[in-house]
1. Sort through V178, V200 and tell me the only one that's modelled with pLDDT of 95 or more, in contact with a Leu (Cβ under 9 Å, 6 or more places away or on another chain), more than 28 Å from F104 (Cα to Cα) and in the same structural domain as A234 (by TED's automatic domain parsing).
2. Residues to consider are E146, E185, E138; find the one that is in contact with a strand residue (DSSP E or B) (Cβ under 7 Å, 6 or more places away or on another chain) and outside the structural domain of M206 (by TED's automatic domain parsing).
3. Does region 266-274 include one or more residues that are surrounded by fewer than 15 Cβ atoms within 10 Å (Cβ to Cβ) and assigned to a loop (DSSP other than H, G, I, E, B)?
4. With the structure loaded, tell me whether Q129 is surrounded by fewer than 20 Cβ atoms within 10 Å (Cβ to Cβ) and within 10 Å of the chain's Cα centre (by Cα) or whether it fails that test.
5. Considering only residues that are surrounded by fewer than 19 Cβ atoms within 10 Å (Cβ to Cβ) and in a helix (DSSP H, G or I), which ones fall in region 1-10?
6. Modelled with pLDDT of 85 or more, not assigned by TED's automatic domain parsing to the domain that holds F190 and not hydroxyl-bearing (S, T, Y): does that describe D114?
7. With respect to A234, determine if the residue is closer than 14 Å to P164 by Cα and either in contact with a Lys or Arg (Cβ under 6 Å, 6 or more places away or on another chain) or surrounded by 14 or more Cβ atoms within 10 Å (Cβ to Cβ) (or both).
8. Among A71, A67, which is the only one that is modelled with pLDDT of 85 or more and under 21 Å from T277 (Cβ atoms)?
Amino acid sequence: MSSIRQFRTALAAARLGSFAEAGRQIGLTQAAVSLQIKNLENELEIRMFERGAHSLTVTPDGRQVLARLNAIVSDYDSLRIRADGVLRGTLHIGALVSALMGSFGSALAHIKRDYPALDVRLFAGQSAQFARMVSEGELDAAVVTEPPGFVPDGLMWTPFYQEPLVLIAPLASGRKPVLELLRTEPFLQFDRSLWTGRLVNYALDMLEVAPTIAMELNSIEAIAQLVRQHYGVAIVPHLANAEWSEQQLIVKPLPGRPIMRAVGMLERLQHSKKPITQALCALFDEQNHTRYHAESPL
């Protein structure tokens, strides 16, 4: 008799185009994946996949069956959210370290407290890396910065919150204007191959300044530590829970219109954990709305 586990195996094989890759993702050997799918094909009396020496393609009959299997798995997973609103199950989610230091970290603490039956498995990394992992099904979702230019095919991005880009400098540099600091001090550049680094580059272009780059790093916290030790200045997102003003750092807004880094959830358009990710997005919106009213003047 077929099981939800077999359905997930077939969906993973179709998505990844390989029995071996599907096995690595779900913790089975290639032989076990092949046997599960063969048994499913025999039971349904169709051929779902054409096996090649180094490739795997879905047959026309397979496409129709996989669409129905995906719907069945999604319906099954929706049972994890009961009428009482309790979230259950396991969610594999990637998160930027800076997101955990920012507003998402605070929201996640509330979620874990209010929904103890929801097992959230966190993985740290970078936005571009997470986009690939979400697309290939290695992660259910990821909290990342807004993709530059466009959202990759097959994925959707839901905004959570925004953080303004600011300049951080050693305490002794507090009286100097932002543009003077950028023109005269060594600059600690956020990695330009990453999405946040591209946004920092955009900010420099808008300010029409080309600082002398002393070092290029991919960690906001590492940059803050080096600025504190007088290695230079930097432009970074202003993280909600960063206590920079208490750590011998000056935080200065950039001149002109604020440049914002948007952070949100990246997920596939269709996936089996969507009821849970949608509920998390709704919870985050509600918490942001509550905080906005709490902070707004009467």
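1. V178
2. Answer to the selection: E146.
3. yes
4. yes
5. I4, R5, Q6
6. no
7. Yes; evaluated as a whole, the condition is true for this residue.
8. Of A71, A67, the one residue that is modelled with pLDDT of 85 or more and under 21 Å from T277 (Cβ atoms) is A67.
The values are calculated or read from the model by the stated rules, or taken from the named source; none is laboratory data. For clarity, every value in this text was computed on a predicted model and none was experimentally measured. Glycine also receives a Cβ, built like all others from the backbone with ideal geometry; neighbour counts cover every protein chain displayed.
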